[in-house]
Structure formats: C-alpha cells, structure tokens
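Here is the structure we will look at, set down as structure tokens.
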Amino acid sequence: MQFKCFCGTRGAKSEDELKSFQEVVLNPNAPFGGLYTLNKLPRFSQEEIEKFATLNYKELARGIFACLNLGIDNELLDKALALYDGFDEIESPAPLEQIEEDLSLQKLYCGPTRAFKDMALQPFGEIFSSFIEGSKEQYLILVATSGDTGPATLESFANRKNIKVICLYPKSGTSDVQRLQMSTNDAENVKVFGIDGDFDMAQSVLKELLKEEDFQKSLKEQNIALSAANSVNFGRIAFQMIYHIYASLKVYKEKQKEVVIIVPSGNFGNALGAFYAKMMGFPIKKIVIASNKNNILTEFIQTGVYDISNKTLQKTYSPAMDILKSSNVERVLFALLGAKRTKELMEDLDRDRVYKITQEELGKIQKYFSATFCEDEVCLEILKEYANKKIIIDPHTACGIKAYLELKESKEENPMILCSTAEWTKFAPTLARAFGFGELGDKEALEKIAQNYGVQIPAQISLLFNKKEVHTQSLQKEEVKVNMLKWLKGE
C-alpha cells in the first residue's frame, strides 16, 4: 500500500498535494523548486527504542521503514537489503571501530565503490528498478557528483532495464581513482561527462534540467521520464537514516549515554539522516558538522547567516566537501521552521545568494547542530598522526578528527561517533603528501602507502588502473543539455 506521507519543503500548489514514497523516488522535483520530505516523523518511546536496540542491521531497517509508512513491499525491501551481503562484513554494512577511548569510527565505505554513498545507492538501485517494472517509459537518472555519488550511482544502475544514467562531475575536482571509477564504466546504459567547473556548477546544471520544461519535453518525445540519484532524492536519505540509528543504539546499549555524531559534510545529506534520527528520539545528543575551508556550513550554524554572495569555491584535500550550496539544509529548515519560512529563505538565496535566520530560529538549529572546520595543513598533520598509530584514514575523516579533538578539549563527556565517509584508497596522493612521500600519482601513492603501512588495496581499486577509459568527453556548462540529448538519441 502506498501511503501519501511526503510534502514539498516550500509548500504545495494545492492543499492535498501529498505524495507517496514511490512517487517522490521516481520524480523528486517538488513544487516551487523545493525538495520532498516526510510530512511528519514518528517519535519513539524509550521502550520502543530499547526494542530497536536488540535488532540487527537489516531488522532495524525493516522496523524503521515500516514505522515511516514508506509502503515498500517486504519482499522487495529484503531483496534491496540483501545487497549489503556483498559488503566487507557480514554482520553489518557499517561497522564501528573504536580508535580512542571516547571515539568510534563508523566505517561507511565497506561497499563496492569504497565510499559511504554505497550505503544508500546499493539498495536504492534495487528499489527504483522495482518501482518502474511494467512501466512503458524508460527513465533517465541524472547525477552530479563531487567524486563519490557518481561511481556509486553507476555501480548501482549499470545494465538495469529501462534505465539510463548520465553523470556530471567537475573534471579537475576529483581524484584519479574517483575519475577512473566513472570513466571506465562500460555499461551501455551509462554516460559520464566531465564539466569545466566545480561541483556547485554541476549540481546547478542538474537542478536546472530537472525543472526545465523544454528538456522534459524533449525527453517525453522519446518516451523518457526524468529522475535523479543525488540526495535531492529522498530514496537516498531513507537509507542514510538507518546507519545513524544503528550506530547510536549500538554505543548507547554499551555506554548508556547519548552519542555525539561527527559528520564530515558537504551537501548535508549524511547529516540530515542523523538529524532525522535525533528527531525520532534516538539517543543522539548532538550532530557536529565538520567542514573544510569552504566553511559555509560552519558560518551558518554558528551565526544564522548563509552567505555565498562573495565566496569562491576553494579546492581542498577533502574535495567531497568542496561545496557552497548545500541542498539538504533546506529539509532541516522545513522541519524546524515550516514550509512558508523555508520558501522565503530559499527565494532569498536564489535571488541574493544570501539568507539570514532570526536568533530564535538559530536557537532551533543549534539545538541539533554545532560546527567547525579544518584547514588543509591541519588535515595533513592529522593524517600523519593517526597513521603513526596504525590508523589509516582519508582526508574527510581527518577533518572529522579535528572536530573530535576540539570536542575533547571542551570536555565533551558523551561517547562520540565519527562517520568515516570514504576509504583512504580514494585519496592516496594526499596521504602520500602527508606522509612525506612527495607528489605521487594515485597508483604510485597507493603502492607506497600499502608497502610502508602494511594495508591492503581492495581489488575494486587496484584493478581500475588496468581498465580502458570509455568516457573522456568534457563540456562547458552550456554544452551539457545538447550532448545529453544526442547521447539519448544514439548520435
């Protein structure tokens, strides 16, 4: 049964414009340029939370999804969750590893593309494919990536029936490994374009195409419907909630204390999953946002001003966070401030590239979030320091460690969980630089680190360098639409 429990963050054009989970997955384009989100969230009692704490990962996912009224058939959900069986550990796709007395890493990179996006996109691909079974239309899935969403989307949807995928990435904004994960994918139903610009530009192009009537008309003439795999699609967020709930319950069961969750954050989808988990009553004291020097999120959470009017995106050693316009903040604004206020703020951002919330509104945000950021030089120091402890992490996790060290200095007494969002193998040249090995390419850096620190390179990564690159085209922003349509027509 399909429950109508989703609404737009900027309101609806009619009073009864609620959508089902299936509808918002297939068409994530909400009214007035907004995003779809749950109309309301359940709030669980202590007794219910204690019961959830006894469940394994898959049982927990089934239980939460049932309470959210997502209307996913049990057999389909089991099939989707079974994709986690191919991850590193049988017991959990997102295991916890304690690395300090008060800090655990949640290893979210144990899937096929070695980044946390697999946690959502592996099951999401199965759900999406099932939803369009029997449809007379084909579906085009658009995805913009800063480096990890693209490979995970291509991996999930490669060779699926009645689905085509077009991926946009900043051609100078990813590691070689990330690029190769996309450019070597030889499935006939996928196409990858490099963009002469940054991730914000790639995401902007995607959002414009999702709303553009002429583009949709061109697709309709070819009997193609349009969807997206970025975290604008709530199908992604649904699965991201689960690992935060799982981790908070696991630590709470052992320590009997609420947890602090540290999230290296760019587009805010990962943090949003933790926010929803806290809203539902799970034992989360605070969500700490760890940014890099593109610290727009830190400024917003500390001051209530979201101002990108005078900012230029800076390339850093943690490129997945090289973002200025974080889409999912909008869903937080809706949850705390309502649709009318969210629409006002988003219109301010679209028009003036800045918005400001009141002190009272900021208080609501700060009830859930705090934030900090990490400079590149500090990131390198942390990578080296932890490598000396035989803990090899990636640069985004290093930014999270910086947040942990600040929390420890401020005498935080609650146990902390750091979302480790990517495996070190995706950013080996940065680690090589931190370890004093000099400027090395990805392949050389991987081998040097593996040799010196006794760590293994997964086959998914090492085999990339033997594959042929089949997607080598790069485009200017204004060339994207016409080249997409050419490919779809087989030209």
Percentage relative contact order, the stretch 350-491, counting C-alpha pairs under 8 Å, at least six apart: 17 percent
Going by a ≥ b ≥ c, the root eigenvalues of the Cα gyration tensor, does the stretch 399-491 fall in the rounded group (a/c under 1.5), the prolate group (a/b larger than b/c) or the oblate group? oblate
Per-residue ellipticity at 222 nm for the chain, helices alone: DSSP H runs ≥ 4 residues times -39500 (n - 2.57), over residue total, nearest 500 deg cm²/dmol? -13500 deg cm²/dmol
Roughly how big is the chain's charge dipole about its Cα centre, with Cβ charges of +1 (Lys, Arg) and -1 (Asp, Glu), in debye to the nearest 20? 580 debye
Relative contact order, percent, the stretch 288-382 [alpha-carbon distance under 8 Å, six or more residues apart]: 47 percent
With bins 5 Å wide starting at 0, give me the P(r) of the stretch 96-148 over every alpha carbon pair, in whole percents. 4, 14, 17, 19, 14, 12, 8, 5, 4, 2, 1, 0
Apply the a/c threshold of 1.5 to the C-alpha gyration tensor of the stretch 336-490 and tell me whether it is rounded, prolate or oblate. oblate
So how do 377-384, 151-158 stack up, highest first, on mean other-Cβ count within 10 Å? 151-158, 377-384
Could you point to the residue in Asn483, Leu463, Ala445 farthest towards the positive end of the stretch 443-491's charge dipole, with +1 and -1 charges on the Cβ of Lys/Arg and Asp/Glu respectively? Asn483
Antiparallel content of DSSP bridges confined to the chain, in %, to 5: 25 percent
Magnitude of the Cβ-charge dipole (Lys and Arg +1, Asp and Glu -1) of the stretch 288-342 about the Cα centre, nearest 20 debye, reported as 100 debye
Checked the chain against the a/c 1.5 cut and the a/b vs b/c comparison, axes a ≥ b ≥ c from its Cα gyration tensor; verdict rounded
Given the candidates Pro151, Ile49, Ile132, the one whose Cα lies deepest towards the positive end of the charge dipole of the stretch 46-169, counting +1 at each Lys or Arg C-beta and -1 at each Asp or Glu C-beta, is Ile132
Expressed in Å to one decimal, the Kirkwood Rh of the stretch 303-367 from all distinct alpha-carbon pairs is 12.8 Å
By what distance, in whole Å, do the Cα atoms of the stretch 1-90 stretch along each of the three principal axes, largest value first? 45, 33, 24
Scaled to the compact-protein estimate 2.2 N^0.38 Å, what is the alpha-carbon radius of gyration of the stretch 1-43, rounded to two decimal places? 1.07
Determine by what factor the alpha-carbon radius of gyration of the stretch 134-226 differs from 2.2 N^0.38 Å, reporting the quotient. 1.08
With +1 at each Lys and Arg Cβ and -1 at each Asp and Glu Cβ, the charge dipole magnitude of the stretch 143-245 around its Cα centre, to the nearest 20 debye, comes out at 340 debye
Spherically averaged projected area in nm², based on the convex hull that wraps the Cα atoms of the stretch 345-434: 8.5 nm²
May I ask for the Rg/Rh ratio of the stretch 68-213, computed from Cα atoms with Rh as the Kirkwood radius, given to two decimals? 1.00
Normalised by the residues of the chain, what does the relative contact order come to in percent, with Cα pairs under 8 Å and at least six apart? 18 percent
What figure in square angstrom, to the nearest 10, would you give for the accessible area of His244 with a 1.4 Å probe? 0 Å²
Roughly speaking, to the nearest percent, how much of the chain's 1.4 Å accessible area is carbon and sulfur? 44 percent
Compare the Cα positions of Gly338, Ile99, Phe116 along the charge dipole of the chain (+1 at Cβ of Lys, Arg; -1 at Cβ of Asp, Glu; about the Cα centre) and return the one farthest towards the positive end. Gly338
Which of Lys285/Lys426; Lys164/Lys486; Lys136/Lys207; Lys19/Lys211; Lys13/Lys343; Lys367/Lys408 exceed 22 Å between C-alpha atoms? The answer is Lys285/Lys426; Lys136/Lys207
Cysteines of the chain lacking any other cysteine beta carbon under 4.7 Å? Cys5, Cys7, Cys67, Cys110, Cys167, Cys379, Cys419
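The values are calculated or read from the model by the stated rules, or taken from the named source; none is laboratory data. As the structure is a computational prediction, the values presented were derived from the model and not from experiment. With ideal geometry, Cβ positions are generated from the backbone for all residues, glycine too; neighbour counts draw on all protein chains shown. Ligands, DNA and RNA are excluded from the accessible area calculation, which covers all protein heavy atoms including side chains. Shrake-Rupley method; radii C 1.70, N 1.55, O 1.52, S 1.80 Å.
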